[in-house]
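Values quoted throughout were computed directly from the atomic coordinates according to the rules given, and no laboratory measurement underlies them. A quick note: this is a predicted structure, and the numbers were derived from the prediction, not measured.
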Amino acid sequence: MLRLDAMLLQIETKRVAPDVTVLELTGKIALGRESQKIETLVQDLLRQNEKKIVFDISRVDHVDSTGIGVMAYCFGTLNRCGGEFRLAGASGKVLHLLQITHLDKVLPLCASVEDACQSLGIKSPR
């Protein structure tokens, strides 16, 4: 039996500090409407003057070229708006993809959400 929920991207938004928002991403960041929701959510957060955003991808098990594009777009959008972006928890195939595309040299990667928050000047998230 095929589990459809295993294929979809789930996004949960959490504020971990007065000025830091974490997007917890679970599943696949791939071609489809779910991945487009990430870009829309980041734009909405910017309109609310939320400028420090962490993508927690520790539970993302697949990223395709669309996913790479979404992450790069969000990074660029935040930079243009004076915001800060961190990518936290990349491992396995996802980390390998970031390395072979050299995005690990462009996107600010952190081992965990806690490390990402510290790099944004927050001492103890949650």
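If you average 1/r across every pair of different Cα atoms in region 10-119 and take the reciprocal, what Kirkwood value do you get, in Å? This gives a value of 13.6 Å. The number of Lys pairs in the chain with C-alpha atoms less than 17 Å apart, excluding pairs fewer than 8 positions apart on the same chain, is 8.
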